[in-house]
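The values are calculated or read from the model by the stated rules, or taken from the named source; none is laboratory data. No experiment lies behind these values; they were computed from the predicted model shown. Here the Cβ positions follow ideal geometry from the backbone for every residue, glycine too, while neighbour counts run over all protein chains shown. Note: accessible area is taken over every heavy atom of the protein model, side chains too, but ligands, DNA and RNA are not part of it. Shrake-Rupley method; radii C 1.70, N 1.55, O 1.52, S 1.80 Å.
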Amino acid sequence: MALRRKLSLLLFGCALLTTVLITFFVNRTIQHQFEQYMHDNQAKRNERLITYFEDYYQSHGTFDERAGAELAHEAYMNDYCLVLMDANSNVIWGMSPDETKLEAGEIYQAKTYHLMVNDETIGYLEIGQHTPLLLSTEDIYFKQAINQSIVMSAVITIAVVGGISFIFSKPLSKPIKKVSEMALRLAQGDFKEEMIESINIEELDSLQKSMNLLASTLTSHEEARKQLVSDVSHELRTPLNILQTNLEGMIDGIIPVNEIRLQALHQEVVRFGKLISNLEVLKQFDTKTMKLELKPLDLKPLILQQVPEFTTLLRQKKIKLTVDLQEAWIEGDSDQLKQVFINLVSNAYKFTPEFGEVQICLTSSQNTVQVSICDTGIGVEKEHLSKLFDRFYRVDPSRHQTEGSGIGLTIVKKIVKLHGALIEVESEVGRGSTFILTFHRYSS
């Protein structure tokens, strides 16, 4: 069933139930109040009749057949019956109940009242009327008119509410239908963002904006996925092409087989292996299967252990290494943090020219521990800083003027994030870059 129809039926059903309940309780209240009103009127009427006959007795000293003659016409007009009896219950004057009977099957009800003068019983007056509620014809017609008005009001109300619910269900169902269609397109791979007109319902407007944001995010992810496939293919194709070309040349005898050629091919194999290894590490991060062994750890000795390796690497380009370390305790995984520092120093090495400088600083404050790795390299323009940690992203358009797989900084950021830490980068073109790691200080 369509949403609009369901909403219409729901609103109509609520209106119908409300109208029925209101009609029931209003009718019940009117009936009760009307019956109370009739009983009060009849009680006053009966009291007036009793007073009339008592006054008649005091005026005439006795009752005769003319005692009720003046009231006979009133009694016939109002469909009630009077019977006057003396003190011995003998009928003096009276009306026949059949004279006031309106319809077949009506029940005659009567009540006898004492007539008193000077605290002595002078007779009895029987007052009776047909129908259980002792209603006159006018009273019955009045009740019927009220009931008809209530029913007519209920029917009109239901009709009006039904029409309104049908009209106003469209603004509710239309945006939801569009969102549903959009969700179906997203499921089918169509990530085109569609701006849906704004509506005054906060929840639906938020839902529409969320779907547009989802479409935009999926579009970005799809573009990133395609770019990732392209980048991985490119990264894998390069070493494979080099290996294939050289090996085919060696097989055909075009390229001589010597130590230098084999050493070059070996380097390509190593680079290929590192790329595969890094991709496997990224997979573990993406699938959240990477588990850290967090322990209280002093970063100072951890970094000092890596200094000889850093020095050997940087010496190849005559780059000066300066180390300034304080004692600083954090909770971390030593193996993963070693990988972080190796990647950052290797990154500095790649982009720092000969006779440059790399500086590693470690400081500790009351709540944080900060590690900064500065270089005097080529630097990075501001518009590229936010993308440095994206996998396979390289500022250099030629892509392969520098070594590396393009995912080292991506791994660094994921390891740092798993430690609950923060990594930031500051850079100025021609003056170098600074990577700043901020950890929570460990306190026992």
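MET116 exposes around 80 Å² of accessible area when a 1.4 Å probe is run over every protein chain in place. Please find the FRET efficiency linking VAL160 to GLU181, where r is the Cβ-Cβ separation and R0 is fixed at 25 Å, and quote it to the nearest 0.05. Given R0 = 25 Å and the Cβ-Cβ separation, E is 0.20.
ILE122 sits among other residues whose Cβ lies under 9 Å from its own Cβ, and their net charge, with Lys and Arg +1 and Asp and Glu -1, is -3. Evaluated on the range 299-365, the Kirkwood hydrodynamic radius is 12.4 Å, with distances taken between all distinct Cα atoms. Would you work out which of SER334, LEU299, THR312 lies farthest towards the positive end of the dipole of the range 294-352? Charges go on Cβ: Lys and Arg +1, Asp and Glu -1. Going by the charge dipole, the pick is THR312. Partner lysines whose Cα lies under 26 Å from the Cα of LYS350, excluding those fewer than 8 positions away in the same chain, are identified as LYS274, LYS283, LYS300, LYS317, LYS318, LYS320, LYS338, LYS382, LYS387, LYS413, LYS414, LYS417. Computed over the alpha-carbon atoms, the range 334-380 gives an Rg to Rh ratio of 1.04, Rh here being the Kirkwood radius from the mean inverse distance.
As a fraction of the 1.4 Å probe accessible area of the range 266-379, surface on carbon and sulfur atoms comes out at 51 percent. Rg and Dmax, both from the Cα atoms of the range 286-325 and both in Å, are 15.0, 40. Electrostatic tally near THR311: other residues with Cβ closer than 14 Å to its Cβ, Lys and Arg +1, Asp and Glu -1, net +2. Restricted to Cα atoms, the range 19-113 shows a radius of gyration and a Dmax of 17.7, 61 angstrom. Scanning residues 5 or more positions from GLY94 or on other chains, those with amide H under 5 Å from its amide H are LEU84, with H placed 1.01 Å from N in the peptide plane. A straight chain from GLU428 to ALA264 at 0.36 nm per residue would run longer than the Cα-Cα distance by 55.6 nm. Taking the average, over residues, of other Cβ atoms within 10 Å as the packing measure, peptides 83-89, 330-336 rank 330-336, 83-89 from highest down.
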